[in-house]
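Q: One structure, as structure tokens, below. Some questions next.
Nothing in this text is a laboratory measurement; each read-out follows from the coordinates by a stated rule. Everything quoted here is computed from the prediction, not taken from an experiment. Note: ideal-geometry Cβ built from the backbone for every residue, glycine included; neighbour counts use all protein chains shown.
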Amino acid sequence: MMKMMNSCVATICILSLALSVFGQRPVGVHFDVEPAALPGGAEGNAAQFIALFQKLKAVTNGNTRLSADLPMGMGLKPLGAWYYQNRPISYHIADIVDTVTLMAYRDRAAAPNGITDHAAGYLNYARQIGKNVVVGVETNCNLGNIVSFCEEGQTYMEQQLNSALTTLKSYGSNFAGLAIHDYDGYNALSGVSSTFRLPSSAPCRALWVWSHSVVNDPAARAKFIDFCVRMRICTVYQESQGLVDSSAKQPVLRSFINDLWAKGIQVELLFGNHEWTYTANHPAAVNLAKAAVNFINTFPASGGTPVIPSTTAAPVVPSTTGAPNNGGGTCAARKVTRRIRISDGNDDVEQQPSKGNKMYCTSSDLEFVKDGTVDQILGLRFKNVDVSPQDTIVGAYLEMKSKKSATTKTNLVIHGEKTANSQGLCDNSNLLSDKTKTSSSVSWNNVPSWSVGQIVQSPDVTAVVKEIVGMNGWSAGNAMTLIVSGSGMRSAYSYNGGAAPYLVIELQTLSCGAGLPTSDETTDWWADTTNTVEPDDDEFNASSRTSAFLGLMTVCAVVAARLF
């Protein structure tokens, strides 16, 4: 037993030392390419623009998150849409990339001509295809009074953002948070001083950064990190051309990323040039994407690719017991719980094979499995499942709210749909009974009695979830469907009934080192201040990380002496 424990601690040491040296990997690549700024505009350059992102997606290949900035004009009314092949250009791009950041540059929340109505088209389409949209606002000056918050200042902007959130949160997990353009404008905004600090209740947000000074200059970096902590920045879109593609600059960029991660802030590698739209310039953008992916792959595998502007908690490693860290803090195993709620009425459905395979998509309840005298098959689709193939899944189950009391003998079987990204369910041409099911399944036999309003949980479905997450093509943020069949009757509320089912997934992570989170974390179904680790308010300095690293080396030396 002692040898096993020593081996376990040795595993922690090896992984933790690697993370101390290499740090937390960037969570993706992010492109800002705006064809509307070019002769011919967005529609005249649409084919080249779409082809560019198809090439970029081939580079990221589902293993690295690809994000795109899109202006309001590529969306839907009220602004009016730019179209290509009878579809808004935004639809084409959203189909390709993993996440869209909408530049909803207006200085008021509500319609008409506000942040929320400009975002509506994007978010509605994102809901249909299971993608995420971050909503961005502008703070730079001289762009027009309705475009930026420059003229109104910080207090007014926060009022409008809080108002917008009331509407934006109604889109569920497809709304992936707020972003501010950009650091220079935000830092100069009236009401933002070197001591100003947003309250902890303020929504976490992302931030564009176009300057390299925060990367290259130690003093500028320290001020920037302090700004991020005070202003609730959880994700930084850092412009990286000339950094990731330079062997001389990569170590500096790496240390910048590690310094941000130590404060609970994640990084996307940002690239921007409107002329990359042109086919002749595609190789330049593609080569940068390749350099970014190669750079990201020099980091250890991390705990997934969270929804922006959420932050990763700690790198995910095999389940371990804790180990002391003489540098301050502990190396501790930590459970992170993802709670993913069904966020669309078309994602919890009932199929009745004996009635011509009729599909029910708007019912207020889910009958497992007998509705009156008719047996059903049920499908539960969960979008934006923030679990990557590198994550260590230690538990998973369904959670529902009972609508009716029931004692009838009930035996259920839970399969998954065997696909790396499940599509919408309410489609008679793609029946639940025709879907390819996972080889793994879970029997839920002799289901206990349910009473009205009771919160019920299924048996562990980890094997089913792992099979789907392990499929080629799966990446964090994809959708998965669980299919339930069997006999008997239990009734739960549906999405349309006001209490949609949850899929709860438990992950094992490791936090190690001074200042890093060690407590368990539960994240809920939409990403703003949830699915996050809050930016760390403790003063950060290089010496604390160095002492933590040296302390951990001491622990590892002791373990090595015992083992060898």
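Q: Give the whole-number value, in cubic angstrom per residue, of the convex hull volume spanned by the C-alpha atoms of segment 25-296.
A: Output value, Cα hull per residue: 122 Å³.
Q: While we're on this one: Roughly how many Å is it from the Cα centre of segment 353-401 to that of segment 24-46, as a whole number?
A: For segment 353-401 versus segment 24-46, the Cα centre distance is 38 Å.
Q: What is the order of Ile393, Ile340, fewest Cβ neighbours within 10 Å to most?
A: Ile393, Ile340
Q: Using a 10 Å cut-off around each Cβ, can you sort Ile455, Ile129 from fewest to most neighbouring Cβ atoms?
A: So the ranking, lowest neighbour count to highest, is Ile455, Ile129.
Q: Within segment 61-170, list the GluC sites (Glu not before Pro) lying in a DSSP loop whose Cβ has at most 16 other Cβ atoms in a 10 Å radius.
A: Here the GluC sites (Glu not before Pro) that fit, given the DSSP loop and packing criteria, are Glu151.
Q: Okay, next question. Taking amide H atoms as placed 1.01 Å from N in the peptide plane, list the residues 5 or more away in sequence, or in a different chain, whose amide H sits under 5 Å from that of Lys403.
A: Gly453, Ser491, Ala492, Tyr493
Q: Given labels modelled 7 Å from the Cα in the Cβ direction, how far is it in nm from Asn86 to Ile129?
A: If labels sit at Asn86 and Ile129, their model points lie 1.7 nm apart.
Q: A further question on this structure: Taking 7 Å along the Cα-to-C-beta vector as the label spot, tell me the Ser449-Asp434 distance in nanometres, rounded to one decimal.
A: With each label placed 7 Å out from Cα toward Cβ, I get 4.2 nm.
Q: For Asn273 and Ala248 in one chain, what is 0.36 nm times their gap in residues minus the Cα-Cα distance, to one decimal in nm?
A: Roughly 6.7 nm would be gained on extension.
Q: Related question: Quote to one decimal, in nm, the extra length available between Thr373 and Tyr156 on full extension: 0.36 nm per residue of separation minus the C-alpha distance between them.
A: 72.3 nm
Q: If I take every Cα pair under 8 Å that is 6 or more residues apart in segment 25-296, average their sequence separation and divide by the length, what percent do I get for the relative contact order?
A: 22
Q: Distance between the C-alpha centers of segment 134-197 and segment 444-510? Whole Å please.
A: Segment 134-197 and segment 444-510 have Cα centres separated by 37 Å.
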